[in-house]
Amino acid sequence: MSFENEQTNMEKIRCCQRIVEDIQAKNQQPVCHLQFNREPFNILDSHLGGIPYLPHNQKYPMGADGQMLWLCAQINFSQMPRMDEFPDEGILQIFLSEFNYDGGFGLYSEEDSTIQRQWRLLYYPSVDENVTEEECREKMPCSWEDGAKSWRTPDKPLKMMFLPIGQEKINHNDFRFDSFFASALTYCLPGANPKEYMPYGLRDDTSDERELLNKIRKQIEIGGCKIGGYPRYTQDDPRLYSEECGKPLEEWDTLLFQLDDDTFTFPAGDVGGMDFNLNGGTLNFLIRKEDLKNRDFSQVLAQWACS
């Protein structure tokens, strides 16, 4: 293969396409996409927002500042298709703070985004079916309805449904994608500059070039509401900043849960113009595979960012 200054723009685009296809063929993860609807649900069901399941002896979770946290998501793993490493029973809950501009939904209250002070994850390995919605409602310091003026995510309770398990290819947001691309380019074209071949660095001067580039870019833009797969970031992948955090964040390798506001590109059920109140962004929770195996949800890497 000739060097980049001897190649036409279309040849560079085709080289980019081959590299992307090779990277995605070698990097895939199991994924369970989520759908939401406005159907009624009970206290044990998987859902967004509303009233959380709370065992008889469990108090309602509060932030470190003593303020109420709101249920973002409740996942009943017995309702989800079996996926490697994930529990097949029990309930996992994600609680967030009301939004403020300094701390987001409580996720930026600490420099270390794995510290749960103004947000919390709770996991109940077994579920008591005798717990009622009414007793859980009574434990809430403020009812969901009375907090309607708060900026919460989601802004409305929704029932959660699970699609069959599939395989998802790596996307361009992943912190490893650029290095994978550079290595593959060096292998097939030693001395070439990766910036001259990256999907977002190439020109699209003709309709044929534009058509092929759009196909490649769509191929690496993967998002949606899901468990597993690869996270989508509207800003940088936080795992790029291990040094600033003082932790090897690249070890957080499993997507525990993601809410994606872009339901136009990545539909999440027939909920009309549903806005998860993420302001056009994504909410991601990553966990280390070993922690997931051990059902240890105390060290989860969280991020919310909008475009």
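The values are calculated or read from the model by the stated rules, or taken from the named source; none is laboratory data. Computed from a predicted model, the values in this text were never measured in an experiment. In this analysis, Cβ positions are derived from the backbone assuming ideal geometry, glycine residues included, and neighbour counts consider all displayed protein chains.
Observations on the structure shown:
- Some residue of the stretch 70-80 being assigned to a strand (DSSP E or B) and hydroxyl-bearing (Ser, Thr, Tyr): no
- Selection status of Glu211, modelled with pLDDT of 95 or more, within 24 Å of Ala25 (Cα to Cα) and out of contact with any helix residue (DSSP H, G or I) (no Cβ under 7 Å at 6 or more places or on another chain): yes
- Ile94 vs. criteria under 23 Å from Cys245 (Cα atoms), surrounded by 19 or more Cβ atoms within 10 Å (Cβ to Cβ), modelled with pLDDT of 90 or more and not polar (S, T, N, Q): yes
- Subset of the stretch 98-126 [touching a strand residue (DSSP E or B) at 6+ places or on another chain (Cβ under 6 Å) and either within 12 Å of Gln303 (Cα to Cα) or assigned to a loop (DSSP other than H, G, I, E, B) (or both)]: Gly104, Phe105, Gly106, Leu107, Ser113, Thr114, Trp119
- A single entry from Arg14, Arg38 fulfils the requirement of being in contact (Cβ under 8 Å) with a residue 24 or more places away in the chain, among the basic types (Lys, Arg) and under 30 Å from Pro190 (Cα atoms): Arg14.
- Take the conditions (1) within 23 Å of the chain's Cα centre (by Cα); (2) assigned to a helix (DSSP H, G or I); (3) surrounded by 16 or more Cβ atoms within 10 Å (Cβ to Cβ); Cys16 misses just one of them, which is (1).
- Sole exception among (1) surrounded by 14 or more Cβ atoms within 10 Å (Cβ to Cβ); (2) modelled with pLDDT under 95; (3) part of a loop (DSSP other than H, G, I, E, B) for Arg239, by number: (3)
- Cβ pairs under 6 Å, 6+ apart, first in the stretch 275-296 and closer than 20 Å to Gln116 by Cβ, second hydroxyl-bearing (Ser, Thr, Tyr) and at pLDDT 90 or above: Ile287/Thr254; Lys289/Thr254; Leu292/Thr254
- Qualifying residue in the stretch 188-206 (condition: without any contact (Cβ under 8 Å) to a residue 24 or more places away in the chain, part of a helix (DSSP H, G or I) and either surrounded by fewer than 16 Cβ atoms within 10 Å (Cβ to Cβ) or of a type in the set (Ser, Thr, Tyr) (or both)): yes
- Extreme residue, surrounded by the most Cβ atoms within 10 Å (Cβ to Cβ), among residues of the stretch 141-150 that are under 16 Å from Leu48 (Cβ atoms) and touching a residue at least 24 places away in the same chain (Cβ under 8 Å): Trp144
Residue-by-condition table, conditions (1) among the charged types (D, E, K, R); (2) touching a helix residue (DSSP H, G or I) at 6+ places or on another chain (Cβ under 8 Å):
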position	(1), (2)
Pro199	no, yes
Asp204	yes, yes
Ile216	no, yes
Ile222	no, no
Gly269	no, no
Leu278	no, no
Ile287	no, no
Leu292	no, no
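- Residues that are in contact (Cβ under 8 Å) with a residue 40 or more places away in the chain and hydroxyl-bearing (Ser, Thr, Tyr) within the stretch 71-107 comprise just one, Ser78.
- Among (1) among the charged types (D, E, K, R); (2) more than 16 Å from the chain's Cα centre (by Cα); (3) buried (at least 19 other Cβ atoms within 10 Å of the Cβ), the one test that Lys218 misses: (3)
- Selection within the stretch 284-296 - out of contact with any Pro (no Cβ under 8 Å at 6 or more places or on another chain) and farther than 13 Å from Ile227 by Cβ: Arg288, Lys289, Glu290, Asp291, Lys293, Asn294, Asp296
- Residue within the stretch 166-187 that is of a type in the set (A, V, I, L, M), in contact (Cβ under 8 Å) with a residue 40 or more places away in the chain, assigned to a loop (DSSP other than H, G, I, E, B) and within 26 Å of Val31 (Cα to Cα) present: yes
- Entry remark, the stretch 242-267: residues being over 20 Å from Ala25 (Cα atoms), assigned to a loop (DSSP other than H, G, I, E, B), in contact with a helix residue (DSSP H, G or I) (Cβ under 7 Å, 6 or more places away or on another chain) and free of Cβ contacts under 8 Å to residues at least 40 places away in the same chain number 1 in total.
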